[in-house]
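Asks: Attaching a single structure in C-alpha cells format; questions to follow.
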Amino acid sequence: MPVAARTTRRAAATNENDENSTTRMTTRAAKSVLGDQGRVTKGAPQSKKSTTVSASTRSALNDLSNRARTETAVGKKPVAGKTMLASKAQAPTQKAPARAATKVPPKESKRVEKRPSATSGTAQKRKLSAQEKENLLEIAKEPVDEVKVEKKPMVVDKATTEVPNFNDIDDEDRDDPLMVAEYATEIFEYLRELEGKSIPNSRYMQHQDELEWSTRGILVDWLIEVHTRFHLLPETLFLAVNIVDRFLSKKVIQLDNFQLVGITAMFIASKYEEVLSPYIGNFKKITNDGFTEEEILSAERFVLSTLDYDLSYPNPMNFLRRVSKADNYDIQSRTIGKYLTEISLLDHRFMSFPPSQVAAAAMYMSRLMLDRGEWDEMLAHYAGYTEEELEPVVQLMVDYLARPVVHEAFFKKYANKKFLKASIISRQWAKKNAPIFGITDTDLSLYHLDE
C-alpha cells in the first residue's frame, strides 16, 4: 500500500503540474519563440533552458511579459530592468544594451571587496584575488550551514523519542517466509478496516419473535461443546458464532430451525478455516439425527446467499496473538486471555465492541490477574488501545465472571489442566475484585439485565 500510495501521489502531483504549468506555460512560451510555421526564430533561446525553470518563475515571466506588452501598447517606455524579462522574441534586441548597462566603471572596482554578489563579479569579468574568492565562498556557505543546523536536532528527536523500538517483535521473523513479517503492519491495518463491516446488529433479537438472548447463549454453549469434541481450531468457533449473528441480523427464523442454523454455521466455518473439515455425516450425528444431510446442505446455501458469500472476519484470535507476541508469549497470560476472549461469544453485551478491542481487553485483564506489570506503551501500540479505552470491556468481563455459572460446557472446558484452570482462577479473582470495578449486585441473572 505505501508503494501504491506514493505512486498515486506522484501521479497526482504530475497531473497537477501539467494542468497548472506545463500545458499552459509551454504553450505561451512556444507562441513567443516559434514563428507562424512552427520554426524557431533566429536568436531565440533554446527550450532546454526553459525546462529548468520552476512553475512559479514561469508564471512570473508570463505576468511581466504581459505587463511589458501592455506598456508598449499604451505608449510607455518599458523599464530597463523589466525589458530583460519581456517576451523571448524581444530578448536578442535588448540583450546587448542590458549587459552594457550593468557594467561597473573601473573607478568603482574597489566596491567588490565589500560583500560582492555573484552577478556583479560575472558582469565585470575580471580575475578575483585570493581574498575575494575566500569572501565569496564564505558568503555562499552561510545559508547552507544554517539549514543543516536547524534540521539536525529534528532528525535526532524522531529517531530517539518519537519512534521507539516498536518494530523489534517482527525482526526475529524476517527469515521465516511463513510469518510474512514484511507485511505484518499492513495486514493488521486491513483487519481493522474489516471490523466495521463484519460487526452484526447488537439488537437483532428485537425482531426475532421466537428467540431470546438466553436461547442464543444455550446454542453458543452447545457449539463450544461440539467444537471441543471435533478438536477444531479456535478461529473456527469465532467465525461460526459470527455467521450465526450476522445471519440472524438479516433473517427471522423459527425456534425449530435455530439449531440447524448453528450446526450449519459450524459446518461453513470448518470449511473456511480447517485444513481437513469434518465430514457432513459427523455434523448430522452430533444433532442426534435431528436434521438430514440434504437439510444441512440446503441451509448452507441459504446462509451463504444471505451473507453474499462474504466470510471475511477479523478474528479476535489474530489480535490476541499479536499482543501476546509483544508480551513475549507468556503462556499463562495468553491462556487466560483466550478464556476471557471467548466470553464475548456467550455474552451478547460484547457484540457491539470490535474484536480487536475485546482481544486487547482480555490480554489486559489476564496480565492484571497475574500481576504482570503495567500496560506500557509497547503493548498499547500493538494492541491499538489504551487503558482508558479498555475499561468498559474489562468491566463487562468482570461482571460476567462474578455472576453464577450459566454456561456449563464453557466453564468445564477451561477448568481442565490443559487450559491451566483458567475459568476457576478467573472467577475467583473476579469475585474478590468485583467491588473495585463498581460491581456489587452479582446475584442477578445475566439475561435479565437492562441493556
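The values are calculated or read from the model by the stated rules, or taken from the named source; none is laboratory data. What you are looking at is a predicted structure, and each value in this text was computed from that prediction instead of being measured. Virtual Cβ from ideal backbone geometry, glycine too; neighbours counted across all protein chains shown. Ligands, DNA and RNA are excluded from the accessible area calculation, which covers all protein heavy atoms including side chains. Shrake-Rupley method; radii C 1.70, N 1.55, O 1.52, S 1.80 Å.
Asks: Which length gain, in nm to one decimal place, applies between Gln206 and Glu132 when the Cα-Cα distance is subtracted from 0.36 nm times their residue separation?
Replies: Working: separation 74, 0.36 × 74 = 26.64 nm, distance 8.92 nm.
Going from the current span to full extension adds 17.7 nm.
Asks: With a 1.4 Å probe and every protein chain left in place, work out the accessible area per residue of region 316-437 in Å², rounded to a whole number.
Replies: On the way: 5170 Å² over 122 residues.
Dividing the accessible area of region 316-437 by its residue count gives 42 Å².
Asks: When you count, for each residue, the other Cβ atoms within 10 Å and take the mean per peptide, how do 428-434, 347-353 rank with the highest first?
Replies: On the way: 428-434: 16.0, 347-353: 18.9.
Going from most to least packed, we get 347-353, 428-434.
Asks: First measure r as the distance between the Cβ atoms of Leu420 and Asp308, then evaluate 1/(1 + (r/R0)^6) with R0 = 60 Å and state the FRET efficiency to the nearest 0.05.
Replies: Working: r = 40 Å, r/R0 = 0.67.
Taking R0 as 60 Å, the efficiency between Leu420 and Asp308 is 0.90.
Asks: Taking each pair of distinct Cα atoms in region 173-267 once, what is the resulting Kirkwood hydrodynamic radius in Å? List each step's numbers first, then the result.
Replies: Values: mean 1/r = 0.0651 Å⁻¹.
Radius from the Kirkwood sum: 15.4 Å.
Asks: Separate question: Specify which residue in the list Ile268, Leu255, Leu345 is farthest towards the positive end of the charge dipole of region 219-345, using unit charges on the beta carbon of Lys, Arg (+1) and Asp, Glu (-1), about the Cα centre.
Replies: Among Ile268, Leu255, Leu345, the one farthest towards the positive end of the dipole of region 219-345 is Leu345.
Asks: As a quick test, which of the pairs Lys251/Lys413; Lys250/Lys421; Lys325/Lys418; Lys284/Lys412; Lys250/Lys413; Lys285/Lys431 have an alpha carbon distance above 29 angstrom in this structure?
Replies: Numbers: Lys251/Lys413 31 Å; Lys250/Lys421 38 Å; Lys325/Lys418 21 Å; Lys284/Lys412 24 Å; Lys250/Lys413 32 Å; Lys285/Lys431 39 Å.
Violating the 29 Å Cα-Cα cut-off are Lys251/Lys413; Lys250/Lys421; Lys250/Lys413; Lys285/Lys431.
Asks: Between Lys412 and Asp175, what FRET efficiency follows from the Cβ-Cβ distance if R0 is 51 Å, with the result rounded to 0.05? Spell out each step's value before the answer.
Replies: Numbers: r = 42 Å, r/R0 = 0.81.
E(calc), rounded to 0.05, equals 0.75.
Asks: Right, another one. Quick check of the Kirkwood formula: for region 319-444, what is the inverse mean of 1/r over all pairs of different Cα atoms, in Å? Could you put the intermediate results ahead of the total?
Replies: Details: mean 1/r = 0.0690 Å⁻¹.
Roughly 14.5 Å, rounded to one decimal.
Asks: Sticking with the crude label model, points 7 Å out along Cα→Cβ, report the distance from His381 to Lys197 in nm, one decimal please.
Replies: Each label point lies 7 Å from its Cα, and together they span 2.9 nm.
Asks: Under a 1.4 Å probe, what is the accessible area of region 226-303 per residue, stated in Å²? Intermediate results must be reported in sequence, preceding the final value.
Replies: On the way: 3710 Å² over 78 residues.
Result: 48 Å² of accessible area for each residue.
Asks: Then there's this: Roughly speaking, what is the stretch gain from Tyr190 to Arg229, that is 0.36 nm per residue apart minus the C-alpha to C-alpha distance, in nm to one decimal?
Replies: Numbers: separation 39, 0.36 × 39 = 14.04 nm, distance 3.29 nm.
My answer for the length gained is 10.8 nm.
Asks: Given Cα positions, please report Rg to Rh for region 195-234, the hydrodynamic radius being the Kirkwood one. Mind showing how you got there, number by number?
Replies: Values: Rg = 13.3 Å, Rh = 12.2 Å.
Value, to two decimals: 1.09.
Asks: Given a 1.4 Å probe and every protein chain left where it sits, what share in percent of the accessible area of region 316-437 is carbon and sulfur? Write down the numbers at each step before the final one.
Replies: Working: 2610 of 5170 Å².
Using a 1.4 Å probe with all protein chains present, region 316-437 comes out at 51 percent carbon and sulfur.
Asks: How would you rank 326-337, 183-194, highest first, on the average number of other Cβ atoms within 10 Å across their residues?
Replies: Listed from highest to lowest mean packing, they are 326-337, 183-194.
Asks: Right, next: With charges set only on the Cβ (+1 for Lys and Arg, -1 for Asp and Glu), what does the dipole of region 316-437 come to about its Cα centre, in debye to the nearest 20? Please list the in-between numbers first.
Replies: Details: 17 positive and 14 negative charges, 172 e Å.
Dipole magnitude for region 316-437 comes out near 820 debye.
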